[in-house]
Every structure is written in structure tokens, then in C-alpha cells.
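The values are calculated or read from the model by the stated rules, or taken from the named source; none is laboratory data. What you see is a predicted model; the values in this text were computed from it and never measured. Backbone-built Cβ (ideal geometry, glycine too); neighbour counts: all protein chains shown. For accessibility, only protein heavy atoms count, side chains too; no ligands or nucleic acids. Shrake-Rupley method; radii C 1.70, N 1.55, O 1.52, S 1.80 Å.
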Amino acid sequence: LKDITPYLQEGTFVNIDNGKLSLKAKTYYAASKKKPDLQVNGSVDLKDFYVNDSRDKSSLLTLNDVKLKKFTFELFPNRLYVDEVDLNSFYVDAKIDENKQMNFAKLVRVSDVNKTDTNATKEPIFPVKLFKIKVVNGNAKFADFSIPIKFQTDIHDLNGAIYSVSNSPQETTYVDISGDVDKYGSTKLKGSINSANPKEYTDLDFNFKNL
């Protein structure tokens, strides 16, 4: 997947170091007024996916093994449904700077940031829904430099699930993930969010204990 980096960098500062994507699927096509004309059923496997910031080469995301166990892709009418995504062994480096801006938010080039989406509250032309994302053995570095006492910690052994991720504004996503922090602490992320428009609705508790 590293060969698609030049296309990504037209609008972002994302650099893909590596990544192997495999697809196994069956395709059906027949013009119909009652059913979708095109239907693809199958599974996807992503391995050794490494992403960094092209400006300073800092690591952003590592996905060792991601499996889309079963998906259905349809055209006329359009939709993409994924039954379950298994996210096994990953690493995320999330930082909030002094201006309360997350590092991932700064990956988009300025010329693209100013573009606004006037259809944020409308139903998408191409509906996408992931029914369940299973999180296993995740790791993360989290830092918040916007608070009076600057905070940084390592989170490991993240496990849990995210339910109903969709680009439809009518859907609510539910999050329930827990993990360990440093040697003796723990963390829990639980709540709900409108994944199509997080600024419209987000209600998440991110708790740390025994630090």
C-alpha cells in the first residue's frame, strides 16, 4: 500500500511506510428493479500497515492485523455493510497540543481544511455501516499538553468493542474499551458518538485510575 502515498499527500501529510492488503470475494451482476444490480460479498485482510507524519517521520498508526470478516458491497442502490472488523495488535500515537488541537487533525493540508460540508446532516449518497469493531491487544501513547499539568502516558492491552459505526447521521456509535496504563494504572473509554458528525453529538467518558 505504500505506493498510494503520493496520492494521499496531495491533500494530507500522511506517509504509508508499508502495508499488505488482500481481498477474497464473489461478484454478482444482473440488471434488476428489485435487487441491487451489482453485489460483492467477501472478506479483506490488512497486515503490517505503518503510517507516519511525512513532515517529521513521527509514527501515527500501526496495524499489525486487521480482518474484515464479511462485507457486502452493492451498487444501484448503493451501500457497504461490514459485519465485523477484528482489529488485532495495533499502536496509536495521539497528542493534543497547547492549542487543544490533536495531531491527527493537523494532517490535512490547509487548503482542504477550509472546505465545509453542507450535507453533514443529510443521508449519505453511499451508506456505509460497520456493525462491530472488535479491539484486541491494542497499544497507544496519549498526551495532552493543553491542560495546566501536562500529561503523557503509555496505554497497553486495550480490549473491547465499538458498535454501529456509520456515515449516516441517524446512527449512534457505542464504544466500550478498557486497558492498562503504565505499570499499575487502568483506563476505560465508554460512551456514544455520532460517527458521521462527532461535533453534532459526542458523549464519551475517558477515565484513568491508579496513576
Select from Ile147, Ile96, Ile177 the residue whose mean-square fluctuation is largest in a Gaussian network model of the chain (Cα-Cα springs shorter than 10 Å). Ile147
Using a 1.4 angstrom probe and counting only protein chains, how large is the accessible area of Lys129 in Å², to 10? 40
Have a look at Pro148, Pro124, Pro198 and tell me which one the Gaussian network model of the chain (Cα, springs below 10 Å) gives the largest fluctuation. Pro148
With the contact rule set at Cα under 8 Å and sequence spacing of 6 or more, what percent relative contact order holds for the range 42-95? 35
Using a Gaussian network model on the chain with a 10 Å cutoff between Cα atoms, which of Lys33, Lys188, Lys47 fluctuates the most? Lys33
Contact order relative to length for the range 79-211, counting C-alpha pairs under 8 Å separated by 6 or more residues, stands in percent at 21
Accessible area per residue, Å², the range 1-96 with all protein chains present, probe 1.4 Å: 62
Using the basic label-point model (7 angstrom from Cα toward the beta carbon), what is the Phe126 to Lys2 distance in nanometres? 2.7
Applying the Karplus parametrisation 6.51 cos²θ - 1.76 cosθ + 1.60 with θ = phi - 60° to the phi angles of the range 71-84, what ³J(HN,Hα) value in whole Hz is obtained for each residue in order, glycine and proline being reported as x? 10, 10, 10, 10, 10, 6, x, 8, 5, 9, 10, 10, 5, 8
Of the listed links Lys34/Lys132; Lys2/Lys69; Lys100/Lys183; Lys47/Lys69; Lys150/Lys209; Lys69/Lys199, those spanning more than 21 angstrom between alpha carbons are Lys34/Lys132; Lys2/Lys69; Lys100/Lys183; Lys69/Lys199
